[in-house]
Amino acid sequence: MSTLSQLMWVEKYRPIDFKELVDQKPVVERLTSMLESPGEMPHLLFTGPPGVGKTTAALCVSRAIMKDYWRDFTLELNASDERGINTVRERVKTFARYVDRRVDIPFRIIILDEADEMTSDAQTALRRIMEESSRFCRFILIANYSSNIIEPIQSRCAIFRFTVLEKENVVSYLEKICRKEGVRCEKAALTLVYDVSGGDLRHAMNLLQASAAI
């Protein structure tokens, strides 16, 4: 069995271009316009419910800017797991200050998933780091609730609000996966998967893969 076939479907079918995101047309249009001048990109804050494409969009932005070097110049952290001030001061600050001019990239990117779970002290430290490293680093903060992000950080970011995914679009996406995986599944069953997942596409894909394995 190939490595690709063993992947979790949420990774195997993760879009690599934000134009492939399910729904989120307003977000995609703004990102497309912004990336016409990538060197002028501000810090970004992606906010909205779980499983609607926030992290995927952040990775797509990194790919669009860094091309083949995106893995080398992108640091992805889950802030809910590593929310102490030491993480912000050590890992993030060290990465943000490291400059590599071997390739022509405008800046490094730090993706902080679940940033709204960070402690107040960690967010205050992060704000200072964002200011100090703005010449050579951009942050993409991902949050379910933007209200949990302190105002001084919000004011330094372009805010993108992701919306709940439409049922018909999620079902259509799941149907496409079923065709590619050779899985027979009734539309009514996929609609039930959507309902159970609450519109969380990541959760829906995991449910679908688990069901297909039975």
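Quick note: the coordinates plus some simple rules give every number you see, no bench work behind them. Every value quoted in this text rests on a predicted model; they were computed, and no experiment measured them. For neighbour counting, all protein chains shown are included, and Cβ atoms are generated from backbone atoms with ideal geometry for every residue, glycine included.
Things to note:
- Charged side chains reduced to their Cβ positions (Lys and Arg at +1, Asp and Glu at -1) give the stretch 61-214 a dipole of some 620 debye around its Cα centre.
- The angle between the Cα long axis of helix 201-212 and the longest principal axis of the Cα atoms of the chain comes to about 40 degrees, rounded to the nearest 10.
- Gaussian network model of the chain, Cα within-10 Å springs - most flexible of LYS176, LYS25, LYS93: LYS176
- Longest site-free stretch - the chain; sites: chymotrypsin sites (Phe, Trp or Tyr not before Pro), DSSP loop, at most 15 other Cβ within 10 Å: 1-97
- Amide H partners (placed H, <5 Å) of GLU76, local residues excluded: ILE111
- C-alpha long axis of helix 120-132 to longest principal axis of the chain, angle in °: 70
- Residue-span extension gain [LYS19 to THR191] - 0.36 nm each, minus C-alpha spacing: 59.5 nm
- Between helix 187-197 and the chain there is an angle of about 40 degrees, using the helix long axis and the longest principal axis of the Cα atoms.
- Label zone at LYS12 (point 7 Å along Cα-to-Cβ), backbone N below 17 Å, the stretch 180-214: 180-185, 202-214
- Calculated FRET value between ASN169 and THR32, using beta carbons and R₀ = 22 Å, to 0.05: 0.70
- Which label in [x] 37; [y] 29; [z] 45 gives the computed percent of Cα pairs over 27 Å apart: [x]
- Net charge over other residues, Cβ less than 12 angstrom from the Cβ of MET8 (K, R count +1; D, E count -1): +2
- Pairs from the list LYS19/LYS67; LYS67/LYS180; LYS12/LYS176; LYS12/LYS167 with a Cα-Cα gap above 24 Å: LYS67/LYS180.
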